[in-house]
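Colleague: One structure, pasted below without further comment.
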Amino acid sequence: MIKKRFIAGAVCPNCQAQDTLRWWQQHDIEHIECALCHHLDTRLPQSVKESEQLSSATKQQVIGIFKPD
């Protein structure tokens, strides 16, 4: 069974609802889905340095990425 985790404070890019996005990883692919409108986004995992979504200040504050295996 796959564990799906809600992303606190996240806003759905489709319906703009807050706290409705859930995240899970399956076969090394990340999935993000809105529980309200069912908008789905999938992507391959990226390292912090390669991520375009994080600001340079945030990248400097990141110590590591937690990967529950």
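The values are calculated or read from the model by the stated rules, or taken from the named source; none is laboratory data. None of the values given here were measured: they were computed from a predicted structure. To get the accessible areas, we keep the full protein, side chains included, count just its heavy atoms, and leave off ligands, DNA and RNA. Shrake-Rupley method; radii C 1.70, N 1.55, O 1.52, S 1.80 Å.
Colleague: Considering only protein heavy atoms, what is the solvent-accessible area of T20 at a probe of 1.4 Å, reported in Å² to the nearest 10?
Modeller: We get 20 Å² for T20.
Colleague: Please give the length that would be gained between D19 and D41 if that part of the chain were fully extended, namely 0.36 nm times their separation in residues minus their C-alpha to C-alpha distance (nm, one decimal).
Modeller: Between D19 and D41, full extension yields 6.3 nm more.
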